[in-house]
1. Counting other Cβ atoms within 10 Å, which trypsin sites (Lys or Arg not before Pro) in segment 49-126 have at most 15 and lie in a DSSP loop?
2. Going down the list LYS273/LYS345; LYS44/LYS107; LYS138/LYS233; LYS58/LYS100; LYS78/LYS306, which pairs span over 19 Å between their C-alpha atoms?
3. Sort all Cα-Cα distances of the chain into consecutive 10 angstrom bins from zero, then give the percent of pairs in each bin up to the one containing the longest distance.
4. What whole number of Å gives the distance from the Cα centroid of segment 1-48 to the Cα centroid of segment 243-307?
5. Residue-wise, which Karplus ³J(HN,Hα) couplings in Hz belong to segment 283-300, taking 6.51 cos²θ - 1.76 cosθ + 1.60, θ = phi - 60°, and x for glycine or proline?
6. If you roll a 1.4 angstrom probe over the protein chains with everything in place, what fraction of the accessible area of segment 1-153 belongs to carbon and sulfur, to the nearest %?
7. If amide hydrogens are placed 1.01 Å from N in the peptide plane, which non-local residues have theirs closer than 5 Å to the one on GLY196?
8. Can you grab the distance from the C-alpha centre of segment 318-378 to the C-alpha centre of segment 108-135, Å, no decimals?
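The values are calculated or read from the model by the stated rules, or taken from the named source; none is laboratory data. It should be emphasised that the depicted structure is a prediction, and the values quoted were computed from it without experimental measurement. All Cβ positions, glycine included, derive from the backbone under ideal geometry; neighbour counts span all protein chains shown. Ligands, DNA and RNA are excluded from the accessible area calculation, which covers all protein heavy atoms including side chains. Shrake-Rupley method; radii C 1.70, N 1.55, O 1.52, S 1.80 Å.
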Amino acid sequence: MNFQLTEEHLMIQQAARDFAQNELLPGVIDRDTHEKFPAEQIKKMGELGFMGMMVDPKYGGAGLDTISYVLAMEEISKVDASASVCMSVNNSLVCWGLEKFGTEEQKQKYLVPLAKGEIIGAFCLSEPEAGSDATSQKTTAIDMGDYYLLNGTKNWITNGSSASVYLVMAQTHPEKGHRGINCLIVERGMEGFVIGKKEEKMGIRGSDTHSLMFTDVKVPKENRIGEDGFGFKFAMKTLSGGRIGIAAQALGIASGAYELALKYSKERKAFGKEIYKHQAIAFKLADMATEIEAARLMTLRAAWLKDQGLPFDKESAMAKLFASEVAMKTTIEAVQIHGGYGYVKEFHVERLMRDAKITQIYEGTSEIQRIVISRAILDQQ
Ligand SMILES: Cc1cc2nc3c(=O)[nH]c(=O)nc-3n(C[C@H](O)[C@H](O)[C@H](O)COP(=O)(O)OP(=O)(O)OC[C@H]3O[C@@H](n4cnc5c(N)ncnc54)[C@H](O)[C@@H]3O)c2cc1C
């Protein structure tokens with residue numbers, strides 16, 4: 001076993017930390033308050049290679065490993081989880097899926113600009129009546145020979161209005177159940193594709209979450225990813241890797257809140273001494289530090305397994321489940337340590353607490369992660 005990060009890992013971690021502190025921190029409260037998408041910052045993240053971190057350089061990516069991606073995600077998420085969810089969807093759902101399963105033409109046309117961060121991607125699985133039960137897709141893709149005719153509605157789509165490329169799951173053969181689902185690459189601006197309302201959210205308010213409507217959209221056959229009926233498998237495989245990204249996001253939200261609470265506990269005095277000198281506060285900090293360390297190790301191990309080409313579905317589900325629960329618990333305690341100041345925007349921890357909640361919901365709720373884990377340990381695949 002080797003717990004040592006390489007020189008390259010440390011450089012990437014430092015670059016992400018510097019970017020988060022210098023470029024994301026200054027406007028983060030304003031973007032959260034006014035639900036502003038961090039467009040300029042995402043563009044810069046693309047220029048720095050953060051939007052296609054694991055993609056082969058021959059397709060415009062940074063050619064790094066999943067461990068580097070986790071380290072960068074943690075640093076970005078410490079400061080701005082709205083920016084990090086955009087980064088996570090682009091890296092682990094859109095770019096990874098296209099690189100792994102796309103054709104050479106699809107890679108040249110879509111992956112290259114996505115990996116360079118010139119454009120942003122979205123991953124469209126959820127529907128009004130298909131969330132955890134993603135098999136019950138109502139969106140249809142009827143095979144018309146040269147093209148698919150796409151009809152339906154998608155819900156909760158991250159990067160909904162800022163993306164240029166959308167990976168859309170849709171049912172082609174209802175009689176085959178989930179084996180009849182396809183994944184189609186849909187371009188923004190295709191006739192019949194309308195971006196619907198923006199959701200007003202509790203947290204990650206800088207992220208643009210939209211519903212999408214498709215009415216008789218003609219999607220060329222060459223935009224299908226994989227064989228006919230591969231769409232559901234495609235979605236499950238990409239989400240399994242995606243969970244490492246969300247685990248890293250949760251880890252970052254937790255460690256960001258912990259660092260703020262630690263600092264504050266050394267500044268704030270009550271009853272004649274700094275509050276960390278009260279054992280109740282010191283013990284809260286000890287629990288936070290311990291649980292964050294456990295979440296970090298689980299997330300890095302899932303990333304390492306993925307990099308080794310070993311199975312990682314169970315480990316990524318465990319990391320996401322654990323890290324997201326640590327994020328929720330830690331941010332609540334960080335607010336508590338700040339007292340009344342924790343309840344106002346200026347001190348950041350209230351935002352981190354609101355942002356933490358989504359990590360228990362998207363890319364599979366905590367209940368769904370427990371289903372994935374229990375199936376794996378009980379060998380009920
Ligand atoms: C801000 C945000 C961004 C999102 N981004 C995207 C995106 O980019 N792309 C995308 O496709 N989707 C996205 N989603 C959708 C997200 O993945 C779903 O909301 C999530 O999978 C849960 O689905 P649901 O909301 O329909 O809840 P439901 O599936 O209706 O679940 C409701 C409750 O029932 C529980 N439950 C359901 N089934 C079971 C079961 N079998 N056993 C035990 N408990 C169960 C759930 O855990 C949950 O607590 C996003 C959601 C949000 C809020």
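1. Listed in order of number, the matching sites amount to none.
2. From the list (LYS273/LYS345; LYS44/LYS107; LYS138/LYS233; LYS58/LYS100; LYS78/LYS306), the Cα-Cα distance tops 19 Å for LYS273/LYS345; LYS44/LYS107; LYS78/LYS306.
3. Spelled out per bin, shortest first, that is 5, 24, 33, 24, 9, 3, 1, 0.
4. Segment 243-307 and segment 1-48 have Cα centres spaced 19 Å from each other.
5. Values per residue, Gly and Pro as x: 5, 4, 5, 5, 5, 4, 4, 5, 5, 5, 4, 5, 4, 5, 5, 5, 5, 5 Hz.
6. 52
7. Amide H neighbours of GLY196, under 5 Å, 5+ apart: SER211, LEU212, MET213.
8. Each part's Cα centre sits 24 Å from the other's.
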